[in-house]
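Please read the structure below before turning to the comments.
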Amino acid sequence: MLGKSPAWQDAGGACSGYLVEAGDRCLLLDCGNGVFGKLRAARDFTQVCAVVISHLHADHFIDLVPYAYALAYSHQARAAGSRPALYAPPGARETFRRITGAWQAEELIEDAFDLHEYDPAAELALDPMQLRFHEVPHFIRTHAVQVREGGSSFTYGADCRPNEAIVAFARDTDLLMLEATLEQPEEAGCRGHLTPAEAGEHAQRSGARRLVLTHMSGDHDLAWARAEAVRTFGGPVELAHEGAVYDV
Ligand SMILES: [Zn+2]
Ligand SMILES: [Zn+2]
């Protein structure tokens, strides 16, 4: 767990960023603000084999910018000759070009990484891990991600409002990580996030064995949030915190 904050990180914290490891392979799931520094503290960034991005909100990808500079210019990356694969949603290449094009570095990210826009309908093999995607409703096109290895699975709901898609996609998963951004449901306009009680209720219906709540501000009452999710889930609930490790 490199970062678990919502769109603004806690003091000393980071937004979404999750290292998933199996065998000697390691992939980074999301790369929000603050994540690259956390990655450097935890692992050699030149050894990450792939980065996978759930959606194109800044708190899920903006640290690809410093990561790309490190791959392009650092001694370590030059010595390692590393160019990690980057799997990002359809349209990502254009979004990255627009952002880094603001300072005339349009190809910064696609040059540093081996960029692929994934097909959400297709499975992705990152041996020994198998990934699949499923669209979930949020403010922009967003994909939940499931990682399987051996007989085990980990499912990440990304950002989403209440929905049936994640319940079906996460069916019987060993570890389900859901956002619990809100203390109260949004009252006006389109919903985009979950409360802790809603996350627990979705996990309960999916048959997930364990639930981790993430995308939460450290300013929230975390004991209340956990109790809310325990009440609706009825199984083990953990609150994401930076540095946490979960074995699946
Ligand atoms: Zn989002
Ligand atoms: Zn987010």
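The values are calculated or read from the model by the stated rules, or taken from the named source; none is laboratory data. In this text the structure is predicted, and so the values were computed from the model without any measurement. With ideal geometry, Cβ positions are generated from the backbone for all residues, glycine too; neighbour counts draw on all protein chains shown. Note: areas computed on protein heavy atoms with side chains; ligands, DNA, RNA excluded. Shrake-Rupley method; radii C 1.70, N 1.55, O 1.52, S 1.80 Å.
List of remarks:
- Residue in segment 34-84 that is nearest to residue 107 (Cα to Cα), counting only those that are within 16 Å of ligand 1 (Cβ to nearest atom) and touching a Phe, Trp or Tyr at 6+ places or on another chain (Cβ under 6 Å): 63
- Wholly enclosed helices (runs of 4 or more DSSP H) of segment 36-109 bearing at least 2 residues touching a Lys or Arg at 6+ places or on another chain (Cβ under 9 Å): 64-73
- Residue count for segment 90-107, restricted to those that are closer than 17 Å to residue 63 by Cβ, in contact (Cβ under 8 Å) with a residue 12 or more places away in the chain and open to solvent by 20 Å² or more (accessible area, probe 1.4 Å): 2
- Test: residue in segment 175-195 that is open to solvent by 10 Å² or more (accessible area, probe 1.4 Å), within 29 Å of residue 38 (Cα to Cα), more than 17 Å from the chain's Cα centre (by Cα) and of a type in the set (D, E, K, R): yes
- Residue 28 being part of a strand (DSSP E or B) and open to solvent by less than 60 Å² (accessible area, probe 1.4 Å): yes
- Matching residues in segment 194-218 - criterion: being touching a residue at least 40 places away in the same chain (Cβ under 8 Å) and not small (Gly, Ala, Ser): 202, 214, 215, 216
- Of all residues in segment 198-238, those being hydrophobic (A, V, I, L, M, F, W, C) and open to solvent by less than 40 Å² (accessible area, probe 1.4 Å) number 11.
- Of all residues in segment 116-160, those satisfying the criterion of being surrounded by fewer than 21 Cβ atoms within 10 Å (Cβ to Cβ), within 16 Å of ligand 1 (Cβ to nearest atom) and closer than 21 Å to residue 204 by Cβ are 134, 137.
- Those residues of segment 115-131 which are closer than 15 Å to residue 90 by Cα and outside any loop (DSSP other than H, G, I, E, B), in sequence order: 115, 116, 117, 124
- Filter result for residue 61 (within 24 Å of residue 218 (Cβ to Cβ), more than 16 Å from ligand 2 (Cβ to nearest atom) and crowded, with 21+ Cβ neighbours inside 10 Å): no
- Selected residue (criterion: farthest from ligand 2 (Cβ to nearest atom)) from residues of segment 157-196 that are of a type in the set (Ser, Thr, Tyr) and touching an Asp or Glu at 6+ places or on another chain (Cβ under 8 Å): 195
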